[in-house]
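This report concerns only the one structure given below.
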Amino acid sequence: MECMKIGIQGELGSFHHEAAKRLMPEAEIVPRPNFAAVFQAVRSGKAEYGLCAIENSTYGSINEVYRLLERHNVWVVREVQLRIAQQLIGPQAVSLDELAAADDVRILSQGPAFAQVELWLDAHLPKAVREEVGDTALSVHEVVRRGDPHALAVAGKFAAETYGGHLVAKDIQDESDNLTRFILFVKEQRDVPGATHASMILKTDHTPGALLRALQIFAEHDCNLVKLDSHPIPGDQRHYAFYIDYKLATLLTNPSLIKELEQQSCSVKLFGEYASI
């Protein structure tokens, strides 16, 4: 029997890879260079599932993924939170004192990962040049390939194990409780037994109190909001889209909830009823 395929952003050994294995240990991992390529893999049928990080407790929302959710008709079926421990990884052992004194140190990683270790790098390696690449695992792969002791990566232990990197400094994230939330999605809408959460994109009309009236509907349906995030609408400077995550009171709540929102001239796109682990 052919195993399911999960498209992930980034290389093997990345945090996306870890999250995918936690959700579906037997799945075949399909690496993709960016978030848009993950969505395309699912839409084209090259992967049954797509997995993308959508929020980090230090970095905040990953807005590109929200935009892709609005643009593509996919359906979120699961979410998982992964505790992120960042490591300083090199091709070989080297002391922090040597690195701090050197003028040619380069550190490779992804933008969100740099944001999670910014204070640590400022304190310990302030002279190091930060070189942004598309993925944390790719940064480890690259520094191991270079073999330069003064070229290092910020990534997870799994990436170091995957590519043979050496842990130069451990657990360097600025916040000990550093969590990333990942969503797992499929091409077509489906029922998810045991769904506990839902997410939507909401656009209100441009009148005073429009958002307040919309949020009151959630309260009337006993739906507890988990996240409310506003984003500008490209090409429309007067209006905002609101991305809303909420807990489901019952699975029967959503149709009437959405109907009442639309009766208030709201535009609603539901993009998942899913289980959260």
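A short reminder: the numbers here are calculations on the coordinates, not readings from a lab. Computed from a predicted model, the values in this text were never measured in an experiment. As a convention, Cβ positions derive from the backbone with ideal geometry for all residues, glycine included, and neighbour counts pool all protein chains shown.
Thinking of the range 197-276 as a set of Cα atoms, what percent of all their pairs are more than 18 Å apart?
Tail of the P(r) past 18 Å holds 36 percent of the pairs.
How far is it, in nm, from the label point at Ile233 to the one at Thr207 when both lie 7 Å from their Cα along the line to the Cβ?
1.5
Binning every alpha carbon pair distance of the chain at 5 Å from zero, what are the percents per bin?
Histogram of Cα-Cα distances, whole percents per bin: 1, 6, 12, 15, 15, 14, 12, 9, 7, 5, 3, 2, 0, 0.
Just the number, please: percent antiparallel of the DSSP beta bridges in the chain, rounded to the nearest 5.
70
For Lys21, go through the aspartates and glutamates and keep the ones whose alpha-carbon is under 16 Å away, minus same-chain ones fewer than eight residues off.
Within the straight-line limit of under 16 Å, Lys21 reaches these aspartates and glutamates: Glu11, Glu48, Glu79, Glu161.
Would you calculate a helix-derived [θ] at 222 nm for the chain, using -39,500 (n - 2.57) for each DSSP H run of n ≥ 4 and dividing by the full residue count, to the nearest 500? Working shown, then result.
Working: 10 runs with 87 residues, N = 277.
Using -39500 (n - 2.57) per qualifying helix, the result is -8500 deg cm²/dmol.
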